[in-house]
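First comes the structure, then the notes that go with it.
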Amino acid sequence: MTLFLGRVPRRARRALSLLSLGGVLALAVAVPAEAAPGPAEGRTVLGAGQHVDAVYPVLEGDDLTVRSLTDDGEADPDDVALHIPDTKTSHIKLPDEYAFLGDPGSDAWISPQTQDMSVVWPGWSFEGIPNGRLKGTVSMDFEGFAYAGEAKSPTFAVTQPGGFGNKKVSQLIVPGSAFGGVSGEVGSHTHANWIFTDEGTYDIDFSVRATLAGGKEVEDTATVRFIVGDVPDEQDAPVPQKVRHYSEGAGKLLVTPSKVDGEYFVGQTVNLTAASDKAGKDAGYRWYVKKKGESTFTEDPEQRTAVYTTKPDRVLDGTQVYAKLVEDGRTVQTSEPTTVHVRALEATTRLTVTQDKKTYRAGDTARFTSAQNPETEDEHYHWYLKRQGESAYEWIEESRLADQELPVTDDLDGAQVVARLFNADHAVLAESAPVTLSVDVGKGAGAAPVAVEVDQDTEQHRAGAKAEFTARVSNAPKDYSVSWSVRQNAENPFTEIAGAKGVTMERTVPADWNGAQVLASVKDGDGKVVGEGTVAVLKVTDGEKSSAGATEASGQEEDDSSNAAVWWTATAVVLVAVVALVLWFLRRRGR
């Protein structure tokens, strides 16, 4: 009899193999039982500061295979064991912020995100997949775990620092919770905190999924073994653990944000997951949203699954969201509202983009090059395009590198391109100023395009003060009109500025317009946009900080003046004393 095991997880394949031998073993003559081998039997134990990408998927032809990458090269995950011995730094008391894992103050063992030379330094990497081979990102999902040891209810968590200020715990993978996996870009490399509640051996099952550029979906599974504490010579085989789902017994519908305390940085996707033990196969969900300043919740008709998803634009900051579980048109449960917070991450570098030509023809390929100043180790980019007349930038599909190419078509005349740099957690670190494409569309003589340039009354504005913007329009049709809109830095949509019409706009500038793009759109009599002009990057300073800075500078000048006066006074006193001493000496010598 032949068993086809295909893509069954490795541990499951071993179990099936043992079952297939069951009949033979049942007929075998009984022999004295031998001691079970230890968890390191036949494996290379990686510890004491060794770096390992425990999950390291590679492409073999059109198949995905999960490997582990060690200091000695690639290895089968079944051939290695990751060791976290009991040391002064690895054996900790569980902090209060890890109460989701166990009682604060109880024993725990950690392999931290930053390298500790006394324990293994594990992470995962998608650097083994060549650029251009995949469509979309790579997902790594937790499938379950087995345990061998003395503990009755062992568990673990994979976390990173998170939230505003990076002082909270962001859960990535926690058995039984809403946090069951991570995803990343091709070429990304990630480390995290691995925390275990008990000593023993943990076999953690992961599945890795991706989509090839041609559309074929590929996946593979792997089991990663951790040995926490001393490595025993003998140990029973790890036993699969029953994981209690966090919604079991809760008695209500729970909504969990994908980021700690619902705190998102611009660039990260907002995911809110609804879960209930009362949800049947035919369950549906309804989501209700109330933005900051609004008085009532309104239903979002596009959200019907257990996960509410949206982009974290700043306009969402303070938004409240709740869900309803419905079956047969009847509301079964209603969750408590969850508040979403959105903030822009402080820029760590200045990103600039240059294009290879000033003017293109249809059929050309435009080439854009980005540069960081100062250089950082972040290499995760996305590029965005906005055609003239459109109200938002859109991601150029599969644009993920520092440089980008774009096929030129006639409709790209006047289009704008920006690049964004992201960190490993997909928060925007920097955005370039937009570059505008000029395409020779062959209109011929007498058909000069509409040109729009925007002037501002000053190069730098103070938050809360009025600013004036003027659109200088040439070659416009007789019945043209001008409207104004603004786009916040690192976001896609433009928002029309209410009441702003005509060639001049006067507005009180808010602090969050710093880095924003102001756009003047010229429309013909039919309402078609025929020309655009922009202030690419608005510079806005906080008025209070500026005043405080000026006061501080003034105070510093006063202090400097006072210090100088004291110095000169002290110098004069010393000189007088020296002169007096010399005169006394000369008189005494004369006598």
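The values are calculated or read from the model by the stated rules, or taken from the named source; none is laboratory data. A quick note: this is a predicted structure, and the numbers were derived from the prediction, not measured. All Cβ positions, glycine included, derive from the backbone under ideal geometry; neighbour counts span all protein chains shown. To get the accessible areas, we keep the full protein, side chains included, count just its heavy atoms, and leave off ligands, DNA and RNA. Shrake-Rupley method; radii C 1.70, N 1.55, O 1.52, S 1.80 Å.
Hydrodynamic radius of the stretch 392-461 by the Kirkwood approach over all distinct alpha-carbon pairs: 15.4 Å. 3J(HN,Hα) along the stretch 428-436, derived from phi through the Karplus expression 6.51 cos²θ - 1.76 cosθ + 1.60 where θ = phi - 60°, amounts to 6, 9, 7, 10, 7, 5, x, 10, 9 Hz, with x in place of Gly and Pro. Mean silhouette area of the stretch 463-548, derived from the convex hull of its C-alpha atoms and averaged over all directions, reads 5.9 nm². Principal axis analysis of the Cα atoms in the stretch 107-161 yields extents of 47, 28, 21 Å, listed in decreasing size.
Computed with the Debye formula from one identical point scatterer per Cα of the stretch 45-173, without solvent, the log10 of I(q)/I(0) at q = 0.09, 0.13, 0.19, 0.21 Å⁻¹ comes to -0.32, -0.67, -1.28, -1.43.
Residue-wise HN-Hα couplings along the stretch 483-495, as the Karplus relation 6.51 cos²θ - 1.76 cosθ + 1.60 with θ = phi - 60° gives them from phi, are 10, 10, 8, 9, 10, 6, 3, 6, 10, 9, x, 8, 10 Hz; Gly and Pro carry x. With the largest listed first and rounded to whole Å, the semi-axes of the equivalent ellipsoid of the stretch 200-246 from the Cα gyration tensor are 32, 15, 8.
The mean sequence separation of alpha-carbon pairs under 8 Å and at least six residues apart, normalised by the residue count of the stretch 284-434, gives a relative contact order of 19 percent.
The Cα atoms of the stretch 171-210 cover 34, 20, 18 Å along the three principal axes, with the biggest extent listed first. Using a cutoff of 8 angstrom between alpha carbon atoms and counting only pairs six or more residues apart, the relative contact order for the stretch 203-253 works out to 29 percent. With the whole protein complex present, His426 retains an accessible surface near 50 Å², based on a 1.4 Å probe. Within the assembled protein chains, the solvent-accessible surface assigned to Thr339 is about 50 Å², based on a 1.4 Å probe. For the stretch 284-391, the fraction of 1.4 Å probe accessible surface lying on carbon and sulfur atoms is 43 percent. Based on protein heavy atoms only, the stretch 207-347 ends up with 53 Å² per residue of surface accessible to a 1.4 Å probe.
Using a probe radius of 1.4 Å on heavy atoms only, what accessible surface per residue do you get for the stretch 457-532? Whole Å² is fine. So the stretch 457-532 comes to 50 Å² accessible per residue, rounded to a whole number. Working note: Karplus 6.51/-1.76/1.60 with θ = phi - 60° gives the stretch 453-470 the couplings 10, 10, 9, 10, 5, 7, 6, 9, 10, 9, 4, x, 9, 7, 10, 10, 10, 10 Hz, where Gly and Pro are set to x.
Pairs with C-alpha atoms separated by more than 21 Å, drawn from the list Lys290/Lys311; Lys216/Lys386; Lys292/Lys539, are Lys216/Lys386; Lys292/Lys539.
Here the stretch 26-127 exposes an accessible surface that is 51 percent carbon and sulfur, computed with a 1.4 Å probe and the other protein chains kept in place. Panel note: the C-alpha atoms of the stretch 173-325, placed on their principal axes, show extents of 65, 42, 29 Å (largest first).
Computed over the stretch 35-154, relative contact order equals 29 percent, with contacts defined as Cα pairs under 8 Å that lie 6+ residues apart.
Accessible surface of Tyr381, taken over heavy atoms with a 1.4 Å probe and every protein chain present, rounds to 10 Å².
Of the peptides 344-356, 513-525, 120-132, the order by per-residue mean of other Cβ atoms within 10 Å, starting with the highest, comes out as 513-525, 120-132, 344-356.
Calculation over all alpha carbon pairs of the stretch 106-259 in 5 angstrom steps from 0 returns a P(r) of 2, 8, 15, 19, 19, 16, 12, 6, 3, 1, 0 percent.
Heavy-atom accessible area with a 1.4 Å probe sorts Phe297, Phe156, Phe179, largest first, into Phe297, Phe179, Phe156.
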